[in-house]
Amino acid sequence: MRTELVERARQGDEDAFTQLVDLNGDRCYAIAYRILRDVDRAKDAVQQAFLLAWRELPRLRDVERFQVWLYRLLVNACYEEARRHKRWTTHVRILPMEGPSAPDQMASVEERDALERAFRRLSPEHRAVFVMHHHAGLPLAAIAEVVGVPLGTVKSRLHNSIRNLRAALESEAEGTLVEVRTA
Amino acid sequence: MNILRDHDAVIGAWLDDGPESLPSETRQAITVGIRTVTRRRAGIAWPFAGRGLPTFEPRRLSVALASAAVFVVAAAVALNFYANQQGIGGRSTPSPSATATTSPVVTALLNGFLEARVAGEGAQQYVSVPQEVPLLYATTSGARYERGEFEQVLGIDWPYGLTAFKVRLFAGNTVVAQLFFAGPDGPLLSYERDGFGTDIAPTTENGQPVAVSYGFFVDEVTLRAAHPWIFSAPTTYPNPFCRLIPEGPGVLPTTDGGQRRDGWDRLLLIADPALGGAGCQQGPSSVDAAALAEAIRSDPDLGATAPVAVSVGGAAALMMDVRIAAGTTISVPADDLGNLCRTAILSPVLEQEAVRSSISYANGVATGKATGDWMRLYLIDAPAGSSMRTLAIVIVAPEARFQRAVEAATPVLESLEFHVP
């Protein structure tokens, strides 16, 4: 049914394309937000991606590849947003209160801060690979198609990304440990 | 706090925390936007749309509603520059009937930018990444600009709805021309070092592309490369490399950050290259350039030519070609995660495209099929005191484009220098 929608949209059916936006919009937005870490830029990137998709859809020859193609447009829109806004602004979010009922794996305020800073230091290309694999669950081969790099490069970016984020948490943990010792 | 928690689980929870639903106003903007976007026609290669077709490229709904810009896309192989010149000290010429209009915001942006460049200060505030703009206030010989002008570049539909402008700055008989991009409402100009990868050089001086300096291996190796070479960010890929923009007019812009259907021709720098072995070596290579050349030459599957003594960067080098038939099984060293080692000299011709890839990994070795691309190798014994023992410069291209790639690499190679502490 989805390929039928794509085909209809390709032929100019605006309703069909709107349904594709409904089907894919949430996921695209979730991915864009996690790459860009900014609500407004993520909205811009998603809007840009879908408008480009509408414009370019007549040239998509294999409707089965719509999703990979759409993700590619989305990632490139994220890259463009990242380039336009190279200076990162502080993103303030209301965090849930932590208490005894908080799940063990929830990040503390300090851990969140450390992860945000470490994530910002990653290039947009690294962030895209990381988000698409660990949040969107795309297989590496699909990610390689989306971002247009060899599979080995995807693996390398993933490895570097997780390593940097882990290191950020380890640094944070060591700092806390030191504080405990000196308390 | 349990500081021994699973870091990966914490990272996963952090990553999953965030918005999941596309806001309704964005959905609405898309729904409205698609009614104003002119679609491509199937079968007509972008950007060669029909002459006179108006296209409207809203980047955001607010822009779509506010912008009065209408772009006329010319059906042509070459660029058409229409005289709509404005600027500081420039000559005004009548505009032809079919021209696009530049928004007042962008006009003011460009005028301010040119004024500042002629004044010799303050231009940075007009550009998103000013440090990437070469010759900001003076020519390569240091001559300050006397006047400037700009004109909108028509004839090619740029990615992401951006408008391209050719900026010219004059210093005596010298003209520096650069390509800048702007959205309909600015707010800043964009300079793309690769000019979006088309046949238009992003910066020229008296018509010649201006070379940009690059440093690699902690500036132990420097070189200069001009359009049509595009260098990647050194931190993004294991080995520094640059891509060669295909020749010929009407080369499509790369809207996806670098991919082309038929791939890129490349020039790579590989420190301490390795031909075989398992796992990734640490530290300088154990073999010199001559031994590496001999090892390459002795493998019949590699189709290597006899090494020829040349000079690169003032150092003695061995030049040879490697022509592995497409589909030949080759092996390159890899790490435990399956990443090809950055020293693997055959990795540029190992088929890695996701759809066709059949790479297997075992015991520190990745085995797969060769792409069939040819390689020109320059194997150099690095000067004493270098962090590397050998440096390989590898030019990769299909046979049909190999000669062009090798010739285009000549000025890059001639500019290479070693800087040993």
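State the extension gain, in nm to one decimal, for the chain segment bounded by B:T367 and B:T222, taking 0.36 nm per residue of separation less the distance between their alpha-carbons.
Value of the extension gain: 48.9 nm.
Once you have the Cα-Cα distance between A:S108 and A:R163, take 0.36 nm times their residue separation minus that, and quote the gain in nm to one decimal.
Working it through step by step, the gained length comes to 17.9 nm.
If ligands, DNA and RNA are left out, what is the accessible area of B:S21 with a 1.4 Å probe, given in Å² to the nearest 10?
For B:S21, the solvent-accessible surface is approximately 80 Å².
If I take R0 = 30 Å and measure r between the Cβ atoms of B:Q28 and A:R83 in this structure, what FRET efficiency does the formula 1/(1 + (r/R0)^6) give, to the nearest 0.05?
Calculated transfer efficiency: 0.70.
Which percent of the Cα-Cα distances in segment B:321-421 go past 21 Å?
44
How big is the shadow of the Cα convex hull of segment A:15-80, averaged over all directions, in nm²?
4.1
By the scheme Lys and Arg +1, Asp and Glu -1, what is the net charge of all other residues having a beta-carbon under 10 Å from that of B:L22?
-1
Using a basic spin-label model with each label point 7 Å from the Cα along Cα→Cβ, how many nm lie between B:E414 and B:A278?
Those two pseudo-labels are separated by 4.7 nm.
What does the charge count around B:E146 come to, taking other residues whose C-beta lies under 13 Å from its C-beta (Lys +1, Arg +1, Asp -1, Glu -1)?
+2
Can you list residues whose amide H is under 5 Å from B:E351's amide H, if they're 5+ apart or on another chain and H is modeled 1.01 Å from N?
B:K369, B:A370, B:T371
Assuming R0 = 45 Å, can you tell me the calculated FRET efficiency for the pair B:S311 and B:R144, based on Cβ-Cβ distance, to the nearest 0.05?
FRET efficiency, B:S311 to B:R144: 0.75.
With a 1.4 Å probe and all protein chains in place, put A:H159, B:H227 in order of accessible area, largest first.
A:H159, B:H227
Sketch the reach of a paramagnetic label on B:A326 as a point 7 Å from Cα along Cα-to-Cβ, and name the residues of segment B:276-314 whose backbone nitrogen lies under 12 Å away.
Once the point is set 7 Å along Cα→Cβ of B:A326, nothing inside segment B:276-314 turns out to lie under 12 Å by backbone N.
Aspartates and glutamates near A:K155 by alpha-carbon distance under 18 Å, same-chain residues fewer than 8 away left out - which ones?
A:K155 reaches A:E125, A:E145, B:D8, B:D335, B:D336, B:E351, B:E353.
The values are calculated or read from the model by the stated rules, or taken from the named source; none is laboratory data. These numbers come from a predicted model, not from an experiment. No Cβ is skipped: glycine too gets one built from the backbone with ideal geometry, and neighbour counts run over all protein chains shown. Side chains are part of the model used for accessible areas, which takes the heavy atoms of the whole protein and leaves out ligands, DNA and RNA. Shrake-Rupley method; radii C 1.70, N 1.55, O 1.52, S 1.80 Å.
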